[in-house]
Amino acid sequence: MPLLRNVGLLRPFLAVARAGNLSTAARALAVSQPALTKSVRKLEQHFGVALFDRRARGMALTPTGAALLAHARLIEAQCRFADAEIEALAHGEAGTIRIGAGPYWGPTLVPIAVARLQARFPRLRVDLEVGVNTITLPKLFAGDLDLVMSALPDATTLPPGIAMEDFGEFHLRVVAGREHPLQRKRSVTALDLARHSWVLYQHDKDTLDKLTAVMRAGGAESPNVIVVTTSLHAVMQFLKSGPYLACLADAYLRAMPEPGVGILPFRSDIWSFPSGALYHASVRNFAPISALVAALHELSAEAPHRSRVPRARRG
């Protein structure tokens with residue numbers, strides 16, 4: 001029997017998968033627990049296989065249930081877009097779009113693009129989550145985000161239905177406060193970097209892996225990360241307040257210049273990467289998404305991506 005005939009059963013399935021137990025899911029759906037149990041069992045009967053393991057402390061997805069969850073999340077996202085598009089045709093653009101943005105895009109161009117978007121579509125709501133790829137991309141793939149502006153992964157690693165647009169290349173640089181002793185050196189080596197402590201933004205595994213590889217290639221130990229923070233503002237405050245080091249994209253440093261923080265003269269390339277938009281291909285023609293991507297293209301072209309970022313100077 002085609003799933004489409006029982007598509008309404010995906011809503012209770014999603015609720016149980018997210019809550020991990022029947023009672024919480026039943027409250028979220030405003031239904032009785034027996035009614036919810038009946039819906040879950042009916043969906044399992046449809047597939048002829050268990051979707052959950054019933055345990056003393058709740059419900060855990062089986063491998064089959066986990067496979068269905070990925071599809072159910074995407075179906076849920078498509079239904080939300082259908083609601084928004086029909087509402088837009090009937091009453092003007094409305095609804096919600098959910099955006100993920102990397103450390104450069106989130107504090108810089110995305111807010112400007114969203115402001116332009118909402119001037120055109122004043123009834124549109126935007127949810128913005130700023131984070132590194134290890135946080136935002138899984139949410140995009142699961143259907144919990146509609147579009148992500150970030151470093152672009154290898155196209156061969158993308159799941160079906162995800163498209164991406166390249167906006168240009170960024171470069172990671174080592175930065176420090178103006179009073180840091182390494183700012184006085186004409187050239188900084190990997191061994192120099194290994195003698196100091198590091199601040200890492202959001203457990204960014206991609207950055208840490210690249211930095212570690214470069215430092216080991218230079219004969220040094222892995223970076224000594226002693227602070228991890230979810231705030232870019234806090235990263236800057238640490239750099240200005242003590243002898244810490246950090247890695248940030250050169251584009252961010254140009255867009256959000258911070259007095260007293262500058263690039264160190266470390267000549268090795270840590271990571272150069274394409275950056276741009278990733279989204280579900282099926283939503284590319286949804287008017288707010290299309291307008292947002294167009295605005296970001298325009299703003300990105302205006303941004304001084306290739307201008308030089310100065311080193312911090314001692315006063």
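Quick rundown of the values:
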{"read-out": "Region 223-232 - residue that is at pLDDT 95 or above and of a type outside the set (A, V, I, L, M, F, W, C) and, of those, surrounded by the fewest Cβ atoms within 10 Å (Cβ to Cβ)", "value": "ASN224"}
{"read-out": "Which numbered condition CYS247 fails, given (1) open to solvent by less than 50 Å² (accessible area, probe 1.4 Å); (2) touching a helix residue (DSSP H, G or I) at 6+ places or on another chain (Cβ under 8 Å); (3) assigned to a helix (DSSP H, G or I); (4) within 30 Å of LEU278 (Cα to Cα)", "value": "(3)"}
{"read-out": "Region 139-173: number of residues that are in a strand (DSSP E or B) and either in contact with a Cys (Cβ under 6 Å, 6 or more places away or on another chain) or of a type in the set (Phe, Trp, Tyr) (or both)", "value": "3"}
{"read-out": "Members of region 126-138 that are part of a strand (DSSP E or B) and among the aliphatic types (A, V, I, L, M)", "value": "VAL126, LEU128, VAL130"}
{"read-out": "Residue satisfying condition, being within 30 Å of ARG11 (Cα to Cα) and either surrounded by 19 or more Cβ atoms within 10 Å (Cβ to Cβ) or at pLDDT 90 or above (or both), within set ALA94, ALA72, ALA119, ALA90", "value": "ALA72"}
{"read-out": "Candidates GLY143, GLY100, filtered to the one that is at negative phi and open to solvent by less than 30 Å² (accessible area, probe 1.4 Å)", "value": "GLY100"}
{"read-out": "Criterion: under 22 Å from GLU221 (Cα atoms) and of a type in the set (A, V, I, L, M, F, W, C) - qualifying residue of VAL110, VAL126, VAL174, VAL132", "value": "VAL174"}
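The values are calculated or read from the model by the stated rules, or taken from the named source; none is laboratory data. Please read these numbers as outputs of a predicted model, since none were measured by experiment. We place every Cβ from the backbone using ideal geometry, glycine too, and count neighbours over all the protein chains shown. These area figures cover heavy atoms from the full protein model, side chains too; ligands, DNA and RNA do not enter into them. Shrake-Rupley method; radii C 1.70, N 1.55, O 1.52, S 1.80 Å.
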